[in-house]
Structures are given as structure tokens and as C-alpha cells.
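Working notes for the structure below.
A short reminder: the numbers here are calculations on the coordinates, not readings from a lab. The model shown is predicted, which means the values in this text are computed figures rather than measured ones. Here the Cβ positions follow ideal geometry from the backbone for every residue, glycine too, while neighbour counts run over all protein chains shown.
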Amino acid sequence: MGRLPSEFCSKRYIPISNFTWRTIGDAAGIQVSLRDASEQVVYSKSISAPATGGWETYAPLNIGNDIEITETGLYTLRIESVGADGYWQWNADSYTLIKTADEEVEVLGSLTLDDASKYLSTSYTVGESIAVTANYHAGTNHTVTGAQGGVKFFLREMKADWSAVVSDVLAYDPSATGQESGTASANLSLTGLTPSADLPDGNFYFLYAVFDSTDGTTYKIGGVQPISIVAAAEPVIGDLDGDGILSQEDMSLFRATLGSSQGDDNYNTAADLDNDGSITRNDYRLFAIAYRNQ
Ligand SMILES: [Ca+2]
Ligand SMILES: [Ca+2]
């Protein structure tokens, strides 16, 4: 022994610390830390080493078997040279510990929304859509099957007492099929849906998703509810620039279209308030009434 700790530890693949050694009896102790310090063991293995013939002459020598550590903790490995004279030993001055394998951690299948609170805190508008994302894992060495079309998303109108599904909006991410894990996303269309506030009998909207794994299990998110869906804003009559309010800008736009008919460059359907195909004095009268009455 007699090497400095930094040399002793160089190019190690396993983090080691608390190097101790002694030159009489030639022994070294090192600690190997695996994630937390809860256990300590001593590894013992004896082999015969050939003499290398001098103080600083090295010859590689493979101890020849693995030290298997499968529990987290702090371990002490003691490496000791023992020779015939029991005093100075010229071998085993340099050691290398090589990590040969990671412990295989089996991951169980799962399906979770990316952020459940996001869906609960957003008001969605009829006619638009919900962009929904979920993280899936089919379990170690398993994949998502095509049975559900990949990851399948539901917006369910549920009875107030959960006794039945009234209706479903469905969307799929087929790209998950055949994958072990990943992120799935889809858009749930809200076209034609009833706003939450107008659902009968306390019914509510429930966001839900599933996929089937080759392990034979159907994985489901813990669904979230109630999803808030609100009615689209009523169009404002005469709002030609579409900003939701009737203002001087709309008046200017109206004047620019006055006198035009369908097919003309300056014809504007939104200004044709009586829908007769031309922007006339009658449209202007209706526009003026809307403007005054807002
Ligand atoms: Ca406007
Ligand atoms: Ca008209």
C-alpha cells in the first residue's frame, strides 16, 4: 500500500470515499455510497497475487468476481494484502472498482394528466376545444396497444350521482401505440356542447383518459371534474372589426361598405344587417339603431 487516496480513487466508476490505509499489513478500506447511508457491510475475498518484483512495478490482476450490492446504503470494502513475511507487501498498490450493472428497477404502468389543476381552472368555450396532454407508461418491457386507439381521451357528461354517462366527446393519440412510455395529447372538440351552467339535473363534465398495455391492464387517469364549459359570446350586431364592441371604428368600416353589393370588393356580409345582398340605407338604419342602443 502507500498510494495517495487521489491516485487510489482515480478513474473510478463507483463513488468512493473515506479512504483509509496502512502500510504495515498492507490494507485499504474504502466506502462505497449507494444513495443513502443505512447499511454497512464488509466484502471478503482472497486470491493469490504474483510478485511484481519492485516497489513501483504494477501488474494487472483481476480479483475476478463481482461485488453485488442491491440495497441502498454505505458499504465498506476492505482490500488487504497478506504475504509470507506478514509485514511489507509489494502487491495490490492500485485498485479499480468498476460498476458492472445497474439494478433493474421495474416501472409499473401509469397514466396521469400533465397538470390536472390546469383543466379545472380554465373556462372552455363552446365551439372551441380542450387541448389535453397525459404522460403514459405501459410498464417495463410493455407497450401501449392499439385496442383503445392509442391513448384515448374522454370528455364525459356525467349524471350528477355518477350513475351514468350521458354523452362522450372522444379524441385519440394513436402515436402512443407500440410505445413503452411518452406523452400523449389530443384535442377534445366542444362544438355543439351544452354549457356547464345549462346542463340538466346537476350533470357535469368529467375529463378522463385510458390506454391498454400489453401487460393486460387498462390504465386510467384519475379523472378530473367539473370541467367548466361556457357559452360562446353572442355576436355584437354591427361589430365589423370583430373586437366584441361596437365603436367608431365599426362606423368607419360601415361607411366604406355602404352602397356595395355581393361580389364587390368592399361588400361586407357583417354590414349587411338585413341580409339582402346589398349594403343600403336600410342596413345603415339598423346599424344606427344598434349603435344608439348599445
Ligand atoms: Ca368593433
Ligand atoms: Ca342590406
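Would you confirm whether or not region 160-181 contains a residue that is in a strand (DSSP E or B), farther than 15 Å from residue 208 by Cα and touching a His at 6+ places or on another chain (Cβ under 8 Å)? Outline the logic, then answer.
So in region 160-181, the residues in a strand (DSSP E or B) come out as 165-173, 177, 181.
Subset that is farther than 15 Å from residue 208 by Cα: 177, 181.
Now narrow it down to the ones that are touching a His at 6+ places or on another chain (Cβ under 8 Å): 181.
Yes, region 160-181 has at least one match.
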Based on this model, can you work out whether residue 237 counts as out of contact with any Gly (no Cβ under 9 Å at 6 or more places or on another chain) and more than 16 Å from ligand 2 (Cβ to nearest atom)?
no
Can you spot a residue in region 217-231 that is loosely packed, with under 13 Cβ neighbours inside 10 Å, within 15 Å of ligand 1 (Cβ to nearest atom) and within 30 Å of residue 120 (Cβ to Cβ)?
no
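Just a yes or no: is a residue in region 184-191 on the phi < 0 side of the Ramachandran plot, assigned to a loop (DSSP other than H, G, I, E, B), in contact with a strand residue (DSSP E or B) (Cβ under 7 Å, 6 or more places away or on another chain) and touching a residue at least 40 places away in the same chain (Cβ under 8 Å)? Give the steps one after another, and end with the answer.
Step one: list which residues in region 184-191 are on the phi < 0 side of the Ramachandran plot, which gives 184-191.
Subsequent filtering for residues that are assigned to a loop (DSSP other than H, G, I, E, B) retains 190-191.
Narrowing the set further to residues that are in contact with a strand residue (DSSP E or B) (Cβ under 7 Å, 6 or more places away or on another chain) leaves 190.
If we keep only those that are touching a residue at least 40 places away in the same chain (Cβ under 8 Å) too, we end up with 190.
Looking through region 184-191, at least one residue is on the phi < 0 side of the Ramachandran plot, assigned to a loop (DSSP other than H, G, I, E, B), in contact with a strand residue (DSSP E or B) (Cβ under 7 Å, 6 or more places away or on another chain) and touching a residue at least 40 places away in the same chain (Cβ under 8 Å).
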Residues of region 242-288 satisfying the condition of being more than 14 Å from ligand 2 (Cβ to nearest atom) and among the hydrophobic types (A, V, I, L, M, F, W, C):
245, 246, 251, 253, 256
Return the residues of region 236-289 that are part of a helix (DSSP H, G or I) and within 11 Å of ligand 1 (Cβ to nearest atom); say none if nothing qualifies.
248, 249, 250, 251, 252, 253, 254, 270
Reported set for region 232-246 where residues are of a type in the set (Asp, Glu) and exposed (fewer than 14 other Cβ atoms within 10 Å of the Cβ) is 234, 241, 243
